[in-house]
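Note sheet for the following structure.
The values are calculated or read from the model by the stated rules, or taken from the named source; none is laboratory data. Since the structure is predicted, the reported quantities are computational estimates derived from the model, not experimental observations. Reconstructed Cβ throughout: ideal geometry from the backbone, glycine too, with neighbour counts over all protein chains shown. Just the protein is used for accessible areas: all its heavy atoms, side chains included, with ligands, DNA and RNA removed. Shrake-Rupley method; radii C 1.70, N 1.55, O 1.52, S 1.80 Å.
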Amino acid sequence: MKKLGRVTEVEVISEFLKAEFYHPEYDPDRGRFERLVHEPNLHDAGENALRRALLFRRRGHMWRELPPDTQWWDLEFKPEEVEKVNVFPRAQWRSPAQGNFAAVHVAEQIRRDMRSPQPSALSLRIKVVSTLMQRGGGKSTVLLIGLDEERPVTLLEGNHRFIASMMLPPEIMLLHLRLICGFSPRMEECCWYKTNLPTLYHYLKNRIKYFWDREADVYRLLPPATVQTKSPQQRDGELQRAGRR
């Protein structure tokens, strides 16, 4: 892996939000914030604050676990260096991983499942994404985290696209991905990178502390005259859903 250049936190948040914006949490005000998400002005402090709040509506619990000294970098990968990548050790990835979260292992399990009479929903989705990649198009951003560029890294966002890229021939495997990695010497304190009792305890404390996540309330950042009228119950309901993600 080779560092190409620093990436600002506001740009990382912007790219992260783009990947999340299709989820139902954004349905109520998708039209209102669509331009803000897909045509970002990264030099506008007000826009940056709104994008952070929108991301926190769904991923605040994830972002808070990253060490405060995390630095983000564009990375260049050689095809053989995918051996240093692990998938996100949660949820649907547990089944194909079977305890081994190395991306090369998970990709091989997905390939085998694709050849089975009844491939899983995850394998079918990977196949669709891989086909779209092979047809071309622009780059999409994948986020990773790690200690440094010499040691293994873990996918934070973009697991499906990264594994889908591994279904392609080596010469085009990573052409459609922009790889950004957050590095910190304290990354082993983050449960997304290293899962153990101390990191899980820290995560649980934060989930309790931010159960009502006021940072996810975008309306506190808007001028009063532009805020659509909502009852206190509606806004509390939105915050409650955000706090439970």
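Listing for the model above:
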read-out: Residues of region 186-215 that turn out to be of a type outside the set (Ser, Thr, Tyr) and outside any helix (DSSP H, G or I), as a count; value: 9
read-out: Given (1) more than 15 Å from residue 86 (Cβ to Cβ); (2) in contact with a Phe, Trp or Tyr (Cβ under 6 Å, 6 or more places away or on another chain); (3) among the hydroxyl-bearing types (Ser, Thr, Tyr), index of the condition residue 116 fails; value: (2)
read-out: Matching entry among 134, 71, 98, 118 (being among the polar types (S, T, N, Q) and closer than 30 Å to residue 217 by Cβ); value: 71
read-out: Filtered residues of region 91-111 (kept if outside any helix (DSSP H, G or I) and touching a residue at least 12 places away in the same chain (Cβ under 8 Å)); value: 101, 102
read-out: Pairs, first closer than 15 Å to residue 216 by Cβ in region 1-26, second in a strand (DSSP E or B), C-beta under 7 Å, six or more apart; value: 16/143; 16/157
read-out: Hey, residue 143 open to solvent by 10 Å² or more (accessible area, probe 1.4 Å) and of a type in the set (A, V, I, L, M, F, W, C) or not; value: no
